[in-house]
Amino acid sequence: MKTKRGKQMNNPYGINIWSDNNFVIKDSTININHQNQPSLLEITQDIRNRGYRGPLLLRFPHLIKKQISTLYSEFNRAIEEFNYQGNFQAVFPLKVNQFPNFINALMEVSKEYNYGLEAGSKAELIIAMSHTPIGSPITVNGFKDREMISLCFIASNMGHNITITIEGIGELETIIEVNREFNSPTVPKIGIRVRLHSSGVGIWAKSGGYSSKFGLTATELLEAYELLKKHKLLEHFWMIHFHIGSQMGDIAPLKKALREAGNIYADLKNRGAEALNALNIGGGLAVEYSQHQHATEMNYSLKEFSNDVIFLMKEISKSKGIEEPDIFTESGRFIASSHAVLIAPVLELFSQEYHEKSLRLKEKNPPLIQELYDLWKALNRTNAREYLHDSLDHMESLLTLFDLGYIDLEDRSNTEILVNLIVKKSIVLLNDGTDELKKLQDRIQERYLVNFSAFQSLPDFWGLKQHFPVLPIDKLDIKPTNPATIWDITCDSDGEIEFKRDLPLYLHDIDVTKEEYFLAFFLTGAYQEVLGMKHNLFTHPTEATIIFDENGDYTISNIIESQNIMDVLDDIDYDTNWIDRQLKRQLDESTVINQMQRDELLGKLYLYLSENSYLKTVQVNNSITPPAPHAKYPTH
Ligand SMILES: *Cc1c(COP(=O)(O)O)cnc(C)c1O
């Protein structure tokens, strides 16, 4: 027992597994492991004191910088170690996070790296063209039409270092036509995405392999080579590209893909593609999201990853007698995921009714209920297992009695509460981790209603069952005892993070009417924001950027509040002026209120329309927003 508990306390919520030293637990709070190490709690309270309510998305640019510099330094270390002749270059794939407060921070912190952007659509290309410094690389992937290719020619003539990746022969034909039409001084660089027979692994595996949407087969590669030569574009063909899928947990498929793509590269180079000078290995570098040692998601480190890439390309180049190419990466998840933390207030604990004070015992109770009560009171370490079994047995009988009409709703409520109390007490007393107890613990799990939308803020949890590390931002010096299921505030049953016995989450037993309790979801910076859905019309959380100054203190900037209700409706193309007039007219024409009441209701209505649609919670002892008279949820 001792070692088990010790282990849990040393690594609460698996922080050593997923946090990469970005966060530390200090006393009762989780703090940012940077500069003066402020706690997430104080930052959250700071922002809430400015009047913002609902969920918060915090961005930490210093963590973007850390990821970029780690990526470059690991690859440059491997290059030096293996005496590799090519350079390392990288771009950020915009589809992973296009939000301006992320991209602006990314460009700001990456200035010393010649770091560029990757675009997969016209809108992303416009972000790349306007934000990438002249000279830093831009790569353009995905399906392209004539207009998109023309935009690449425009970028090239602005002086941009831009590479069009050809995903199919048709695109090459369009490039040839656009080139003829533009007849301009510069031509974008050309890359070719290859279709590999080796494929990725995991839930995102479809990006690589023969069934992939993208890339040229061997036959098409030879055809493309000849077309490039015929149309005098061979001198612009400089990159081979592949991408085998995101969140590659296993390093083996990457090595296979590298061997395959490396040999394609060498063959084309030796065939006469002299300008060829770069191998782009795409993204896929994984992130450790797990909070449990037995469920880790990746089997390699960035060091191993970079060593493998550099070593394998060195080997292939040597055996094929070619110069060692520059290595390009388009890692997105690795760069972006750690920078954002979602903080959401807990609104309610659902089984708090299972409390001694909720019992409605009568003068004279049915004998089995009296029996349950006595079992509960007499429960001790020696008799716990026996009494537990007895109580479960009694519960079955009592529920049957209810079905047959012999006991009433109050009796039934007392049954539920007493059995719950007995199970909880037995778990504490026995504490032996047997299967039976674990199953019971599972049954008495607590449901935490949390002020956020899983559809908006954790869409990969909804769509792919991706786990995100979660923990309370306070009380970390107290051992949590409630097996927890998390409910979001959408009225969709999929908005639930269920308690899992093999990946358990325990949270604290708290009274939300007396104290605040916030959960933080980590590693939400990649993919979640733009994939987020407005299910139930919950919009993006309020966001803020946390920057550290020379003194080590933090400042909060770029606050963007969650959209208000009318803006959300406007976004999905409602005529909000019409809605406004309609609501006002209905109040005007109502016959159940007088003029004074009408004015008051109108004032309230307009206030609510200007606020965001997340639930309002009010701090204890804080009267910024007085609790509404009919508040549905406890105001805290
Ligand atoms: C999505 C994508 C990436 C980014 O992948 P990550 O797994 O986020 O690193 C890189 N390149 C291409 C072509 C992509 O489609």
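The values are calculated or read from the model by the stated rules, or taken from the named source; none is laboratory data. Keep in mind it's a predicted model, so treat the numbers as computed, not measured. All Cβ positions, even for glycine, are placed from backbone atoms using ideal geometry, and neighbour counts span all protein chains on display. Just the protein is used for accessible areas: all its heavy atoms, side chains included, with ligands, DNA and RNA removed. Shrake-Rupley method; radii C 1.70, N 1.55, O 1.52, S 1.80 Å.
Elements of the type helices (runs of 4 or more DSSP H) sitting completely within the range 402-517 and holding at least 1 residues that are touching a strand residue (DSSP E or B) at 6+ places or on another chain (Cβ under 9 Å) and in contact (Cβ under 8 Å) with a residue 12 or more places away in the chain: these cover 435-443, 454-457, 459-464.
Does A105 satisfy the condition of being touching a helix residue (DSSP H, G or I) at 6+ places or on another chain (Cβ under 8 Å) and within 14 Å of the ligand (Cβ to nearest atom)? Against the criterion (touching a helix residue (DSSP H, G or I) at 6+ places or on another chain (Cβ under 8 Å) and within 14 Å of the ligand (Cβ to nearest atom)), A105 does not qualify. Take the residues in the range 289-302 that are assigned to a loop (DSSP other than H, G, I, E, B), open to solvent by less than 30 Å² (accessible area, probe 1.4 Å) and in contact (Cβ under 8 Å) with a residue 60 or more places away in the chain; name whichever of them is nearest to the ligand (Cβ to nearest atom). If we take residues in the range 289-302 being assigned to a loop (DSSP other than H, G, I, E, B), open to solvent by less than 30 Å² (accessible area, probe 1.4 Å) and in contact (Cβ under 8 Å) with a residue 60 or more places away in the chain, then Y289 is nearest to the ligand (Cβ to nearest atom). The residue that is nearest to Y72 (Cα to Cα), counting only those in the range 99-113 that are polar (S, T, N, Q) and surrounded by 18 or more Cβ atoms within 10 Å (Cβ to Cβ), is S110.
Only a single item in (1) touching a Leu at 6+ places or on another chain (Cβ under 7 Å); (2) surrounded by fewer than 17 Cβ atoms within 10 Å (Cβ to Cβ) is not met by A128, and it is number (2). Would you say Q67 is within 27 Å of M313 (Cβ to Cβ) and open to solvent by 40 Å² or more (accessible area, probe 1.4 Å)? So Q67 fails the test.
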